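Remarks on the structure that follows.
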Amino acid sequence: MDLNLSPDDVAFRDRVRAFLATELPADIRERTLSGTRFEAGDVRRWQRILHDHGWGAVHWPAEFGGLQSTPIQQYLFELECALAGAPIQLAFGLRMLGPVLMRYGSPVQQQRFLPRILSGEDWWCQGYSEPGAGSDLASLKTTAVQNGDHYVVNGQKCWNTLGQFADWIFCLVRTDGTAKPQRGISLLLIDMKTPGITVRPTVLLDGTPEVNEIWLQDVRVPVENRIGEENQGWTYAKFLLGHERANIAGIGASKRELLRLKRLAARQRRGGQPVIDDPDFRRRLARVEIDLLALEYTNLRMLSAPANSPSAGIAASILKIRGSEIRQALSELLVEALGTAALRFAAHPVADAADAEDDGSAGLTAAYLNLRKLSIFGGSNEIQKNIISQTLIGL
Amino acid sequence: MDFSFTDEQELLLDNARRFVAERYGFAARKHILASADGYSAAVWKELADLGFLALNVPEADGGLGAGPVETMLVSMVVGEGLLVEPFLSSAVLATRTLATLGSAEQRARWLPKLAGGELIATLVLEAGYGRDGHDAIRAAGDAGGWELSGRVPVVYHAGIADLLLVAASTGATPGEPDAVFAVPAGAPGLHLASCTTVDGQVAADVELRGVRVEKSARVGGDARLGLAAVVDYGLFALCAEAIGALDRTLATTVEYTKTRNQFGGPIARFQALQHRMVDMLMRIEQARSLVYLAASRCDDADGEERERALSAAKVLVADAARFVGQQAVQLHGGMGVSDEVAISHYFKRLLAAEIRFGSSDAHLGRYERRLSAG
Ligand SMILES: Cc1cc2nc3c(=O)[nH]c(=O)nc-3n(C[C@H](O)[C@H](O)[C@H](O)COP(=O)(O)OP(=O)(O)OC[C@H]3O[C@@H](n4cnc5c(N)ncnc54)[C@H](O)[C@@H]3O)c2cc1C
């Protein structure tokens with residue numbers, strides 16, 4: 001056993017650090033580290049920069065323009081990016097659709113879509129959930145009926161993240177209403193500019209229009225935009241959801257938030273002393289740091305296991321549950337550290353207020369509210385526990 | 001021992017609930033939240049007509065002189081309906097400040113108007129329970145009167161109040177307010193930076209930059225004991241509000257899980273979710289018991305008994321608020337984080353209840369200092 005990074009991995013990490021030090025634009029960095037709000041422009045710009053320097057997709061194979069890094073290196077890359085204050089890379093194209101295209105897409109589809117995902121030219125969104133189909137995704141009702149060389153798609157999708165910026169959507173649709181639910185689903189790639197698509201924002205509890213309802217009315221989709229075979233979409237969707245394990249725990253983001261928490265707690269005062277010196281608060285800080293440390297090594301342990309070993313399979317669910325819980329716990333502590341100031345929401349900026357030297361604390365309450373989503377989307381924590389009990393414990 | 005409410009109290013509860021059901025639905029509330037004032041003057045008038053604003057005004061001053069149970073019941077309904085009108089700020093905190101500390105002249109001048117809803121007042125004080133607070137407002141006395149300086153962040157309803165009752169320290173104990181001054185809205189040197197709170201109420205950071213008031217503006221003499229009692233009473237009302245919100249949160253969640261179908265039937269049939277709702281219920285019932293206990297102690301002459309009961313209640317209310325609020329959102333799935341569904345508004349109200357009137361740390365600390373010997 002040796003729990004130190006290998007010399008190769010250390011060298012890799014140093015290259016990442018050197019790249020970030022010179023190429024991450026200061027304004028983006030500052031926005032990410034201080035703010036908690038999402039900026040679409042930053043995401044686009046950053047993906048462009050990554051791409052220009054060959055870091056566009058560290059997890060992709062070299063033949064598709066990726067860096068073909070090991071799982072540990074992928075993990076290190078994300079960690080360093082998060083700590084340095086880089087914006088997220090959009091998962092929908094890079095982590096979800098990309099690998100599906102590589103595995104199941106036609107060469108034409110691969111050549112058409114993958115380079116534009118890598119460069120950030122195309123913004124993809126995910127059209128799975130429907131009002132009646134959340135956890136029970138296979139009950140989805142949006143239909144696609146073939147008519148010559150097109151499908152005609154009708155239905156409604158919901159909870160569609162950042163679809164307002166999207167150029168394309170990958171959509172699960174029902175192509176056979178008579179088969180068992182899982183057997184009659186296909187995966188279609190749909191241009192968001194196609195007539196018949198209506199996008200309506202859903203405002204979330206923190207006041208942001210982060211997700212959308214999408215109506216599809218007689219939307220014509222070329223048959224060539226179907227992935228793989230008709231009625232095999234469920235297989236592809238499952239592949240897509242199960243693919244990601246290097247960064248599902250969000251260790252990088254949690255470490256960044258832990259640092260934010262320590263900065264905030266050192267600055268905020270309570271009862272005459274900095275919050276960080278308050279023994280009760282310190283204990284909770286220590287506890288969450290321990291939980292994060294454990295998750296970090298659980299994550300590394302799983303990433304070091306051979307890719308097709310059983311422990312790699314169950315990894316994703318454990319990492320997702322604990323990762324979301326720790327992120328949420330950190331957001332709770334940030335609110336606690338703010339004290340009464342956390343009550344202030346959607347504040348009108350005031351130049352002379354004492355709290356105006358703001359390091360993003362105005363957004364911390366909103367972030368706490370918003371991050372409740374982490375245990376709901378992408379397979380809720382209850383569903384993840386069902387998966388663990390079935391696959392790991394065999395219940 | 002008797003935990004039941006009298007017939008009159010049941011009637012009060014029914015009236016309050018009927019009012020909320022008729023006048024304060026989700027859409028009506030949304031409209032109020034979006035309005036320029038951030039509260040409804042019409043609703044406020046109706047609350048006055050129902051007598052709710054007179055509960056804490058003594059009979060001698062033209063009010064109802066009701067006891068804690070009445071305030072508790074109305075507060076619970078305020079929480080059930082997520083009212084954003086200043087019941088707690090004006091009809092409990094400010095009203096009780098004047099009733100407890102005010103001179104006969106001050107009471108006669110303001111209390112009838114408060115009871116009638118013609119005047120809105122608020123207490124400017126950071127109820128941090130020693131632990132969470134910043135420095136108090138300072139009051140410097142001279143021959144002509146008093147000069148007030150300092151700042152209190154996020155004072156609920158300060159921006160819509162006609163009268164601000166400013167708790168300040170005259171110097172003897174710098175951190176701890178020992179006096180109250182009546183400052184009219186718009187007084188020179190009074191600066192309000194309005195904001196919306198996380199639970200959608202109007203508030204303001206209140207800053208006093210050398211605000212001058214006359215000697216007669218002082219409400220009572222040494223206000224330390226009186227203020228402590230008034231703030232504990234406000235804490236009690238806040239806890240009762242939270243119980244109302246908690247009840248609705250659980251009921252709404254139970255109802256949702258019975259009607260939301262996934263995998264061929266209602267999600268309420270999953271035992272994982274059933275047990276979660278049982279855990280929610282247990283926390284609410286534990287908190288409710290301590291809020292009832294607080295009702296019987298919040299008027300106590302014995303400050304220690306009162307403080308123990310109130311801090312105990314706040315600790316369990318905060319615990320329930322966090323757990324029940326978070327799990328209610330979780331059990332609603334995506335619906336839980338939507339602004340267009342009531343549950344997220346309960347969640348936010350419960351978060352505010354957790355933060356206001358002292359954190360759990362502060363109240364555990366106060367309880368700890370008063371641990372019973374036996
Ligand atoms: C902010 C946000 C962004 C999202 N982005 C996208 C997106 O981009 N694209 C997309 O397609 N979808 C997206 N989703 C949808 C997300 O995947 C669903 O919300 C999720 O699958 C849960 O479905 P639901 O909301 O219908 O909840 P439900 O499935 O109705 O679940 C409600 C509750 O029941 C529980 N439950 C359900 N089944 C079981 C069971 N068998 N055992 C125990 N408990 C159970 C759940 O865990 C949950 O607590 C997003 C959701 C959110 C909140």
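The values are calculated or read from the model by the stated rules, or taken from the named source; none is laboratory data. Everything numeric here is computed off the predicted structure, so don't read it as measured data. Glycine also receives a Cβ, built like all others from the backbone with ideal geometry; neighbour counts cover every protein chain displayed.
Being part of a loop (DSSP other than H, G, I, E, B), within 12 Å of the ligand (Cβ to nearest atom) and assigned by TED's automatic domain parsing to the domain that holds A:VAL223 holds for only one residue in A:ASP206, A:ASP176, and it is A:ASP206. Exactly one residue among A:THR143, A:THR161 is within 13 Å of chain B (Cβ to nearest Cβ), out of contact with any Leu (no Cβ under 6 Å at 6 or more places or on another chain) and over 14 Å from A:ALA237 (Cβ atoms), and that residue is A:THR161. Residue-level analysis places A:GLY313 outside the set of residues that are within 14 Å of another protein chain (Cβ to nearest Cβ), at pLDDT below 95, under 24 Å from the mean Cα position of the chain (by Cα) and over 19 Å from B:ASP199 (Cα atoms). With the structure loaded, tell me whether B:PRO177 is surrounded by fewer than 17 Cβ atoms within 10 Å (Cβ to Cβ) and within 24 Å of B:LEU111 (Cα to Cα) or whether it fails that test. Judged against the criteria, B:PRO177 is not a match. Just name the residue that is nearest to A:ILE318 (Cα to Cα) out of those in the stretch A:270-294 that are part of a helix (DSSP H, G or I) and among the small types (Gly, Ala, Ser). Only one residue fits best here, namely A:ALA294.
The rows are residues; the columns are (1) away from chain A (no Cβ under 14 Å); (2) closer than 27 Å to A:LEU338 by Cβ.
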| position | (1), (2) |
| --- | --- |
| B:ALA140 | yes, no |
| B:GLY144 | yes, no |
| B:SER149 | no, yes |
| B:HIS157 | no, yes |
| B:LEU164 | yes, yes |
| B:PRO177 | yes, yes |
| B:PRO188 | yes, no |
| B:THR196 | no, yes |
| B:LEU238 | no, yes |
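So for the stretch B:326-340 (the condition being within 13 Å of the ligand (Cβ to nearest atom) and of a type in the set (Ser, Thr, Tyr)), does at least one residue qualify? Scanning the stretch B:326-340, I find at least one residue that is within 13 Å of the ligand (Cβ to nearest atom) and of a type in the set (Ser, Thr, Tyr), so the answer is yes. Every test in (1) at pLDDT below 95; (2) buried (at least 22 other Cβ atoms within 10 Å of the Cβ) is passed by A:GLY363 save one, and that test is (2).
State whether the residues of the stretch A:124-138 include one that is of a type in the set (Asp, Glu) and touching a residue at least 24 places away in the same chain (Cβ under 8 Å). Yes.
Residues checked against (1) surrounded by 14 or more Cβ atoms within 10 Å (Cβ to Cβ); (2) over 19 Å from the mean Cα position of the chain (by Cα); (3) of a type in the set (Asp, Glu); (4) under 30 Å from A:LEU264 (Cβ atoms):
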residue: A:ASP2; (1), (2), (3), (4): no, yes, yes, no
residue: A:PHE19; (1), (2), (3), (4): yes, yes, no, yes
residue: A:TRP60; (1), (2), (3), (4): yes, no, no, no
residue: A:PHE77; (1), (2), (3), (4): yes, no, no, yes
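Among the residues examined, B:ALA48 qualifies as outside the structural domain of B:CYS298 (by TED's automatic domain parsing), at pLDDT 95 or above, crowded, with 16+ Cβ neighbours inside 10 Å and within 19 Å of B:HIS157 (Cβ to Cβ).
Scanning the stretch B:159-167 turns up no residue that is modelled with pLDDT under 95, surrounded by 20 or more Cβ atoms within 10 Å (Cβ to Cβ) and under 30 Å from B:GLY65 (Cα atoms).
Determine, yes or no, whether B:SER311 is part of a helix (DSSP H, G or I), away from the ligand (no atom under 16 Å from the Cβ) and surrounded by 19 or more Cβ atoms within 10 Å (Cβ to Cβ). The answer is yes for B:SER311.
For the stretch A:373-395, the set of residues classified as β-branched (Val, Ile, Thr) and either more than 9 Å from the ligand (Cβ to nearest atom) or outside any helix (DSSP H, G or I) (or both) consists of A:ILE376, A:ILE387, A:ILE388, A:THR391, A:ILE393, listed by residue number. For the stretch B:231-252, check the following and say yes or no: at least one residue is surrounded by fewer than 18 Cβ atoms within 10 Å (Cβ to Cβ) and within 16 Å of the ligand (Cβ to nearest atom). Yes, there is a match, as at least one residue in the stretch B:231-252 is surrounded by fewer than 18 Cβ atoms within 10 Å (Cβ to Cβ) and within 16 Å of the ligand (Cβ to nearest atom). Looking across the stretch B:301-332, the residues that are closer than 18 Å to B:LEU82 by Cβ and away from chain A (no Cβ under 14 Å) come down to B:VAL317, B:ALA320. Of all residues in the stretch B:90-101, those satisfying the criterion of being crowded, with 24+ Cβ neighbours inside 10 Å and of a type in the set (Gly, Ala, Ser) are B:SER90, B:ALA91, B:ALA94. Filtering the stretch A:112-130 to residues that are within 8 Å of the ligand (Cβ to nearest atom) and in a loop (DSSP other than H, G, I, E, B) leaves A:TYR128, A:SER129. Counting only strands (runs of 3 or more DSSP E) wholly contained in the stretch B:115-221, the ones carrying 1 or more residues that are under 30 Å from B:SER35 (Cβ atoms) occupy B:121-124, B:145-156, B:163-169, B:179-184, B:190-197, B:202-213. Specify which of the listed residues (A:ALA265, A:ALA246) is buried (at least 21 other Cβ atoms within 10 Å of the Cβ), at pLDDT below 95 and touching a helix residue (DSSP H, G or I) at 6+ places or on another chain (Cβ under 8 Å). Every option except A:ALA246 fails the conditions.
Residue pairs whose Cβ atoms lie under 7 Å apart, sitting 6 or more positions apart in sequence or on different chains, and linking a residue in the stretch B:326-338 that is under 17 Å from A:THR365 (Cα atoms) to a partner that is near the ligand (Cβ under 6 Å from one of its atoms) and part of a helix (DSSP H, G or I), are B:VAL329/B:VAL337; B:GLY336/B:GLN330; B:VAL337/A:LYS373. The single condition from (1) hydroxyl-bearing (Ser, Thr, Tyr); (2) within 16 Å of the ligand (Cβ to nearest atom); (3) surrounded by 13 or more Cβ atoms within 10 Å (Cβ to Cβ) that B:TYR292 fails is (2). Among the residues of the stretch A:255-269, how many are closer than 13 Å to A:GLY339 by Cβ and part of a helix (DSSP H, G or I)? Summing the residues that are closer than 13 Å to A:GLY339 by Cβ and part of a helix (DSSP H, G or I) in the stretch A:255-269 gives 3. Taken over the stretch A:209-232, the criterion of being away from the ligand (no atom under 16 Å from the Cβ) and not in a strand (DSSP E or B) is satisfied by A:VAL223, A:GLU224, A:ASN225, A:GLY228, A:GLU229, A:GLU230, A:ASN231, A:GLN232. Pairs meeting the criteria (first residue in the stretch B:259-274 and more than 10 Å from every other protein chain (Cβ to nearest Cβ) and without any contact (Cβ under 8 Å) to a residue 60 or more places away in the chain, second residue in a strand (DSSP E or B) and surrounded by fewer than 17 Cβ atoms within 10 Å (Cβ to Cβ), beta carbons under 9 Å, at least 6 apart or on different chains) are B:THR259/B:PRO266.
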